[in-house]
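The values are calculated or read from the model by the stated rules, or taken from the named source; none is laboratory data. Quick caveat: nothing in here was measured; it's all calculated off a predicted structure. All Cβ positions, glycine included, derive from the backbone under ideal geometry; neighbour counts span all protein chains shown. Areas reflect the complete protein model, heavy atoms only, side chains present, ligands, DNA and RNA absent. Shrake-Rupley method; radii C 1.70, N 1.55, O 1.52, S 1.80 Å.
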Amino acid sequence: MGRVTTSASTPSTPADPTAQSAAAKKTPAKKAPAASSTSTAKAPAARKAPAAKKAAPARKTAPAAKAPASKAPAKVAAAEQPAHAETAAANVSAVREPTSHHVPVVVPAPTPQPAPHVTIGRIPVVEVSPVVEGGRWTAKASVGEVVPVEATVFREGHDAVSATAVLVDPAGNVHSTAPMHDIAPGLDRFQGFLQPDAEGDWSFRVEAWSDPYATWVHDAVIKFDAGIDQELMLAEGVLLFERIAAPQAQAERSPEDARIVEEAAHALSDTSRLPEARLAMATTHTVQEALRRSPLRDLVSPSATYPLRVHRRRALFGSWYEIFPRSEGAVQVEAGTGGSKTWRSGTFRTAAERLPQIAGMGFDVVYLTPVSPIGTQFRKGRNNSLDAKPGDPGSPYAIGAKEGGHDAIHPDLGTEQDFRDFVAAAAQNGLEVALDLALQASPDHPWVEQHPEWFKTRADGTIAYAENPPKKYQDIFPLYFDNDPVGLREAILGVVETWIDRGVTLFRVDNPHTKPLDFWEWLLAQVHDRHPEVIFLSEAFTKPAMMATLARIGFHQSYTYFTWRNEKTEILDYLQEVAGPAGSVMRPSFWPTTHDILPPYLQHGGVGGFAVRAVLAATGSPTWGIYSGYELVENVPRPGVEEQVDNEKYEFKPRAWDHADDIGISLLLGRLNEVRREHPALQQLRNLTVHSADNDRVLVYSRRVRAEHLPLASGGGETPVAGHTDDVIVVIVNIDPWGTQESTVHLDLAALGLTPPPGTDGSAPFFVAHDLLSGESFPWGAHPFVRLDPRKQVAHVLQVGLG
């Protein structure tokens with residue numbers, strides 16, 4: 001629905017989720033409502049006190065809207081309390097009943113306990129990541145995702161240390177290991193990459209160890225250069241290689257690595273060779289690489305084992321397309337005599353006719369705004385007016401009418417079978433269906449009569465509607481979780497399971513930051529246990545702490561402030577922010593616009609501006625989304641607000657799709673999605689590198705997946721095949737939607753996996769950059785020159801290779 005304040009008296013200002021000052025960033029002006037202190041809608045006259053609710057069984061909950069009216073008040077019974085309540089009961093003096101003044105019901109929570117003391121290992125391992133609150137919540141990954149693991153590893157003295165990242169499967173078995181490298185010399189920071197290949201609750205640890213081979217190489221080279229202790233160092237090397245080349249160690253190596261190690265051991269012990277030759281044969285790059293893959297490890301010291309929840313690929317990578325089903329196929333029809341007309345709503349059947357076109361643009365998910373009955377009391381008219389005219393459909397976020405509540409289907413859209421047919425048609429087109437989950441009610445919602453305790457009443461007996469003073473939203477009642485938290489959450493779980501049963505596999509959750517976090521943690525855990533394939537996207541444009549914690553407690557994806565990042569520095573800073581350590585918790589979903597938001601850049605950027613933002617969204621995050629109408633460059637705002645005039649939330653809005661290809665944005669969207677599907681580098685989040693450009697209107701970044709990770713990263717799951725090369729994508733964007741911009745670009749060759757020819761600095765052309773948008777190819781070196789005219793092409797999306 002949009003940005004919502006969390007308090008009627010003190011609206012919260014959306015803060016910058018980056019580390020930079022919020023005051024230095026552009027944040028949205030529009031806010032949606034919080035609970036009112038001066039509502040006018042009357043509560044039901046015959047209010048009954050709330051009833052105690054029984055604990056829900058493991059099976060599916062019945063539709064909540066059909067629940068009987070509440071009965072006499074009662075305390076929260078033990079059976080109603082969450083699983084952790086038993087252990088916390090001793091710490092809670094009493095459970096209080098709700099009163100007319102809304103004293104909150106206390107649902108016991110576990111008493112916080114300090115982490116147990118663990119003695120330090122022989123080789124210390126500290127500051128392990130990705131770890132969320134010391135392991136209180138799980139870090140996130142998806143099938144095939146390349147997961148960076150880091151730790152600080154050091155020891156006393158001067159002996160060399162190293163580390164290994166260890167991936168443990170859900171059964172508790174070691175699945176794979178990865179060598180870690182010192183990425184910050186002098187700071188002892190090591191990094192390696194793990195890659196899970198199935199869903200489930202995995203874990204990982206870091207094993208630090210003393211590296212006797214690296215220690216020997218370091219000392220031997222220094223002493224040989226100084227001309228001291230040469231024979232002694234060779235003798236110690238022979239003893240060391242007896243351990244390195246022991247039968248048990250060799251059996252764990254590949255045949256090629258075993259051969260390399262055996263030959264080095266033989267050369268080192270061959271006293272007929274010159275001492276310098278013996279040392280050289282034991283310290284070649286080939287030998288060091290073989291021992292990097294299968295090292296001799298002394299004093300192995302593991303860290304704690306930390307949780308890693310692995311979701312299906314769609315949790316990380318996907319392209320969403322949003323529609324209002326009622327607009328797809330809506331037509332004006334004769335209303336009677338006199339030539340007057342009224343609207344006839346589109347239906348699931350007419351909306352299904354658009355699915356091939358959406359799939360043809362390469363989208364994976366079709367996202368539906370709420371499809372439940374809409375209330376009639378205080379119904380909003382066009383452009384959010386308070387005066388609804390006959391035929392105005394109202395906001396689909398004012399959920400609930402005589403036909404039913406959240407689990408019901410608006411009769412104008414069709415029947416339950418029609419919805420199931422829509423889901424089936426989407427699947428036939430390769431699309432999953434996402435549904436908006438908006439936890440609020442119209443004054444006509446059945447819950448208002450059946451469960452008045454699920455709403456907040458004021459001192460005058462009225463139910464608090466939503467508002468952001470001085471704005472009032474009388475068509476919406478926020479839910480109130482403090483009178484009967486157990487009963488309300490069970491009812492919401494029943495709603496979610498009803499839609500899952502109808503085929504919904506993803507939920508876009510409206511304003512989750514206005515609901516209690518303990519409720520979300522419980523609900524998300526329940527759904528994960530029963531339906532681990534279901535994905536939740538958090539629409540929380542709010543403070544960084546809230547956004548991050550919603551992600552920590554279980555939301556799979558999050559809307560972000562990408563929409564308002566317009567200048568070069570703030571865009572690049574934000575890309576690095578979401579692709580950095582935060583990426584193990586809060587997966588970003590980039591949307592240039594939504595049905596609530598039309599940012600100033602797109603109000604004034606024309607076709608070029610829409611193209612720029614599409615390229616940035618599609619390549620800046622593995623998950624992105626487009627709101628219907630983007631292809632038509634709908635950029636006229638309602639005066640004074642950052643949203644479209646004639647907003648689709650309040651009226652039917654059929655569109656002339658026949659002309660979309662003439663504008664070109666729909667063709668660009670299709671090509672971007674095609675490129676994303678063909679290149680695993682664009683399906684990953686935590687693989688971004690920013691490069692420099694001399695022009696402040698030109699920005700450059702790249703994404704890379706190494707050859708050994710490509711099979712799983714692409715979803716194939718095969719063993720790596722000889723000849724595979726890295727997948728490397730470089731994106732160069734002109735963020736000026738009106739003017740041609742030129743710049744020299746300075747590429748980080750190491751980040752691209754490129755090594756200049758021997759004896760050169762890489763400035764001369766030595767690799768090929770193939771533009772995946774235009775089809776052109778360019779011979780490039782480290783400092784290419786680019787020119788981008790937004791009337792022709794706003795960006796290069798380049799595949800980098802040597803051939």
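Things to note:
- Considering the conditions (1) crowded, with 18+ Cβ neighbours inside 10 Å; (2) touching a strand residue (DSSP E or B) at 6+ places or on another chain (Cβ under 7 Å), Leu299 is excluded by exactly one of them, (1).
- Of the residues making up segment 538-558, those that are surrounded by 23 or more Cβ atoms within 10 Å (Cβ to Cβ) and under 21 Å from Glu642 (Cβ atoms) are Ser538, Glu539, Ala540, Phe541, Thr542, Met547, Ser558.
- Whichever residue in segment 589-611 is within 25 Å of Asp789 (Cβ to Cβ) and of a type in the set (Phe, Trp, Tyr) and, among such residues, is nearest to the chain's Cα centre (by Cα): Phe590
- All of Asp482, Asp518, Asp475 fail the test of being on the phi < 0 side of the Ramachandran plot, open to solvent by 10 Å² or more (accessible area, probe 1.4 Å), in a loop (DSSP other than H, G, I, E, B) and touching a residue at least 12 places away in the same chain (Cβ under 8 Å), apart from Asp482.
- Scoring Pro779 on the criteria (1) loosely packed, with under 13 Cβ neighbours inside 10 Å; (2) assigned to a loop (DSSP other than H, G, I, E, B) leaves a single failure, condition (2).
Matching residues to (1) closer than 27 Å to Ser743 by Cα; (2) touching a residue at least 40 places away in the same chain (Cβ under 8 Å):
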position	(1), (2)
Leu537	no, yes
Arg552	no, yes
Tyr559	no, no
Leu572	yes, yes
Leu575	yes, yes
Phe590	yes, no
Ile597	no, yes
Ala611	yes, yes
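- The lone exception for Pro470 - which of (1) over 30 Å from Phe422 (Cβ atoms); (2) crowded, with 21+ Cβ neighbours inside 10 Å it fails: (2)
One line per residue, one yes/no per condition, for (1) at pLDDT below 95; (2) in contact with a Ser or Thr (Cβ under 9 Å, 6 or more places away or on another chain):
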position: Gly404; (1), (2): no, yes
position: His410; (1), (2): no, yes
position: Phe419; (1), (2): no, no
position: Ala426; (1), (2): no, no
position: Thr462; (1), (2): yes, yes
position: Ala466; (1), (2): yes, yes
position: Pro470; (1), (2): yes, no
position: Tyr473; (1), (2): yes, yes
position: Tyr480; (1), (2): no, yes
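- As a summary of the residue check, Ser763 satisfies the conditions (1) open to solvent by less than 50 Å² (accessible area, probe 1.4 Å); (2) out of contact with any Pro (no Cβ under 6 Å at 6 or more places or on another chain) except for the one numbered (1).
- Once segment 183-193 is narrowed to residues that are touching a residue at least 24 places away in the same chain (Cβ under 8 Å) and of a type outside the set (Asp, Glu), the residue that is most open to solvent (accessible area, probe 1.4 Å) is Leu187.
- Test: residue in segment 444-452 that is modelled with pLDDT of 95 or more, surrounded by 24 or more Cβ atoms within 10 Å (Cβ to Cβ) and over 26 Å from Ala315 (Cβ atoms): yes
- Residue within segment 559-580 that is open to solvent by less than 10 Å² (accessible area, probe 1.4 Å), among the charged types (D, E, K, R) and in contact with a Ser or Thr (Cβ under 8 Å, 6 or more places away or on another chain) present: no
- Selection count, segment 603-625, where residues are of a type in the set (Ser, Thr, Tyr) and assigned to a helix (DSSP H, G or I): 1
- If you go through segment 108-129 and pick out every residue that is exposed (fewer than 13 other Cβ atoms within 10 Å of the Cβ) and over 20 Å from Phe190 (Cβ atoms), you end up with 8.
- Residues that are among the acidic types (Asp, Glu), modelled with pLDDT of 95 or more and within 16 Å of Pro104 (Cα to Cα) are absent from segment 487-502 altogether.
- Considered as a group, the residues in segment 345-369 that are more than 18 Å from Arg502 (Cα to Cα) and β-branched (Val, Ile, Thr) include one that is surrounded by the most Cβ atoms within 10 Å (Cβ to Cβ), and that residue is Ile358.
- Restricting attention to segment 552-588, the residues being closer than 15 Å to Trp624 by Cβ, more than 17 Å from the chain's Cα centre (by Cα) and in a loop (DSSP other than H, G, I, E, B) number 1.
- Which listed residue, of Leu279, Leu268, is in a helix (DSSP H, G or I) and open to solvent by less than 10 Å² (accessible area, probe 1.4 Å): Leu268
- Between Pro212, Pro196, Pro179, the distinction of being open to solvent by 20 Å² or more (accessible area, probe 1.4 Å), in contact (Cβ under 8 Å) with a residue 12 or more places away in the chain and under 30 Å from Val310 (Cα atoms) belongs to Pro179 only.
- Cross-chain or 6+ apart pairs with Cβ under 6 Å, segment 440-456 first and part of a loop (DSSP other than H, G, I, E, B), then of a type in the set (Phe, Trp, Tyr) and open to solvent by 10 Å² or more (accessible area, probe 1.4 Å): Phe455/Tyr480; Lys456/Tyr480
- Residue match in segment 641-653 (condition: free of Cβ contacts under 8 Å to residues at least 40 places away in the same chain, more than 25 Å from Ser743 (Cβ to Cβ), of a type outside the set (Ser, Thr, Tyr) and open to solvent by 40 Å² or more (accessible area, probe 1.4 Å)): no
- The set of residues in segment 158-194 being hydroxyl-bearing (Ser, Thr, Tyr) and either under 20 Å from Arg686 (Cβ atoms) or in contact with a Cys (Cβ under 6 Å, 6 or more places away or on another chain) (or both) consists of Thr164, Ser176, Thr177.
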